[in-house]
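> Okay, handing you the structure first.
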Amino acid sequence: MSHSRYILRNPEQVAVLGSAVRLQIADLLSSEGEASVPELARRLGRSPESLYYHVRKLAEVGIVEVAGERRVRTGFEAVYRLVAPEIRIDPKERSRPYLHALARCCAAMLRQTSRDYRRSIEGGGAVLEGESRDVALRRHTVRLDPEGLAKLNSLLEEIPHVLREHESTNGGQSFALTFVLTPLPEKKPEA
């Protein structure tokens, strides 16, 4: 891993992340560091055969790379990692294919978030309040002035740092946090 941040510069890279399975693989490699396809399969509750295609697609567009090989009973297996700990979109890219791929990626993230949330709630063990709360759902709409928007963006940039700072290296519970900031269309008053 040569860089701490990798920017997705073309639509094909973003489009690959339009799959919830590939997002799960990227999430797992982000938190675990390195893993073989059989290890990914065990963690995701899938068969290894169902993941080889997805790992290959991530590697083809440069999001995942081979970190090395391990000897196993049947020979050798590749070990994969993300090309950088932080994968980001290109904020300057405005081409129609890139923006379309971003919308598909967002939809995949929200579908995965919905599945994760539903499993937590339906599992019966969700803690919905207090300091041990482990499930939360909120939507806020607000009018922000430029200063308020700048403050909000600063806080959003801080969240990944806080998460990494408190990431457990000895087991802890895995959590997902998804956030979307988007301007809302202005409603025109009826005449």
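> Pop the C-beta distance of ARG9 and VAL180 into the FRET formula with R0 = 22 Å and round what comes out to the nearest 0.05.
The computed FRET efficiency comes out at 0.50.
> Please arrange ILE63, ILE121 by counting, for each residue, the other beta carbons lying within 10 Å of its beta carbon, fewest first.
ILE121, ILE63
> Quick one: of the DSSP bridges fully inside the chain, what percent are antiparallel, nearest 5? Before the final figure, lay out each step's value.
On the way: 11 of 15 bridges.
Antiparallel: roughly 75 percent of the beta bridges in the chain.
> For LYS92, go through the lysines and keep the ones whose alpha-carbon is under 29 Å away, minus same-chain ones fewer than eight residues off.
Of all the lysines, those that pass the test against LYS92 - Cα under 29 Å, at least 8 places apart if same chain - are LYS57, LYS151, LYS187.
> I would also like to ask the following. Could you work out the longest stretch of the chain that avoids the GluC sites (Glu not before Pro) located in DSSP loops with at most 16 other Cβ atoms within 10 Å?
It works out to 1-128.
> While we're looking at this one, here's another question. Between LYS151 and ARG70, what is 0.36 nm times their sequence separation minus the Cα-Cα distance? Round to one decimal in nm.
Full extension of this stretch gives 24.5 nm more.
> Considering the zone a paramagnetic label at ALA78 would reach in this model (a point 7 Å from Cα along the Cα-to-Cβ line), which residues of the stretch 28-59 have amide N under 13 Å from it?
Correct set: 35-38, 51-59.
> If you take the beta carbon distance between GLU131 and HIS161 as r and set R0 to 30 Å, what does 1/(1 + (r/R0)^6) give as a FRET efficiency, to the nearest 0.05?
Efficiency, rounded to the nearest 0.05: 0.90.
> I would also like to ask the following. Exposed loop chymotrypsin sites (Phe, Trp or Tyr not before Pro) only (DSSP loop, at most 16 other Cβ atoms within 10 Å): please give the longest stretch of the chain free of them, not including the sites.
With a cap of 16 other Cβ atoms within 10 Å, the longest stretch comes to 1-174.
> How would you rank VAL61, VAL37, going from fewest to most other Cβ atoms within 10 Å of each one's own Cβ?
Ascending Cβ contact count within 10 Å gives the list VAL61, VAL37.
> Starting from the coordinates of the alpha-carbon atoms of the stretch 5-123, obtain the Kirkwood hydrodynamic radius over all distinct pairs and give the value in Å to one decimal.
With all distinct Cα pairs of the stretch 5-123 included, I get 15.1 Å.
> If you don't mind, another one. Mean-square fluctuation check for the chain, GNM, Cα pairs under 10 Å: which of GLY18, GLY45, GLY124 is largest?
GLY124
> Here's something else I'd like to know. Checking a compactness column here: for the stretch 56-161, what do you get for Rg(Cα) / (2.2 N^0.38 Å), N being the number of residues?
Here the Cα radius of gyration is 1.52 times the empirical estimate.
> OK, next. Report, largest value first, the span of the C-alpha coordinates of the stretch 65-120 along each principal axis, in whole Å.
In descending order, the Cα extents are 46, 34, 18 Å.
Throughout, read-outs are computed from the coordinates displayed, never taken from laboratory work. Quick caveat, the model's predicted, so the values are computed rather than measured. Glycine gets a Cβ as well: all are built from the backbone with ideal geometry, and neighbour counts include every protein chain shown.
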